[in-house]
Every structure is written in structure tokens, then in C-alpha cells.
Amino acid sequence: MNIREALEIAVKDEAQAVKFYKDLVGKAEDPETRVMLEQIAREEEGHLKRISDRLKAIKLLG
């Protein structure tokens, strides 16, 4: 596995994590849990953006 392949896998995993936590937000019964899950979803979105940016840079380099 090379860096590009690893980043592509990481992008998919992070996208799934974002969806997972956003789905849980809709199932949360109390506001405190919802807030925590929303925060985790935002953190995962940040991971997704950083990894996507790195993948984009790798692709531009060839």
C-alpha cells in the first residue's frame, strides 16, 4: 500500500465516521448527548477535510 491508497482508505473511513455520528445525533434522546455527538461529528469532519486536502496534494504531485 502506498500513501495515496492509505489516504483514500482514510477518507472513506472518516466519511463513514461523520455519517455514523450524525445518525446518532438523530437518535439521541437528551440534549447533552446530542451536543456531544454533534461535537464528535464536527471533529470527524475536520479529520476528513485534513485527510482530503493531503490526498488532493498527493494527486497534484503525480
*Under 14 Å from the Cβ of Leu24, count the other residues' Cβ atoms, weight Lys and Arg +1, Asp and Glu -1, and hand me the total.*
-2
_Value at 222 nm in deg cm²/dmol, rounded to 500, when DSSP H runs of n ≥ 4 in the chain each add -39,500 (n - 2.57)_ = -32500 deg cm²/dmol
*Using 1/(1 + (r/R0)^6) with R0 = 22 angstrom and r between the beta carbons of Ile3 and Gln39, what's the FRET efficiency to the nearest 0.05?*
0.15
*asked:* Can you match log10 I(q)/I(0) by the Debye sum over Cα atoms at q = 0.19, 0.22 Å⁻¹ to one of these, [x] -0.86, -0.92; [y] -0.67, -0.79; [z] -0.76, -0.89, based on a calculation from the structure here?
replied: [y]
*Listing Asp30, Asp13 from the residue with the fewest other Cβ atoms within 10 Å to the one with the most, what is the order?*
Asp30, Asp13
*Estimate the FRET efficiency between Ala28 and Asp53 by the formula 1/(1 + (r/R0)^6), using the beta-carbon distance for r and 30 Å for R0, to the nearest 0.05.*
0.50
_What lysines does Lys22 reach when the alpha-carbon gap must be under 24 Å and sequence neighbours fewer than 8 apart in one chain are set aside?_
Lys12, Lys49
*asked:* Using only the alpha-carbon atoms, how far is helix 3-27 inclined from the longest principal axis of the chain? Give it as 0 to 90 degrees, nearest 10.
replied: 10
*Can you give the FRET efficiency for Leu60 and Asp13, using 1/(1 + (r/R0)^6), R0 = 25 Å, r = Cβ-Cβ distance, to the nearest 0.05?*
0.65
_Test item: Cα-centred dipole of the chain, Lys/Arg +1 and Asp/Glu -1 on Cβ, debye_ = 420
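Values quoted throughout were computed directly from the atomic coordinates according to the rules given, and no laboratory measurement underlies them. Because the structure is predicted, anything quoted here is derived from the model rather than measured. Neighbour counts run over all protein chains shown; Cβ positions are idealised from the backbone, glycine included.
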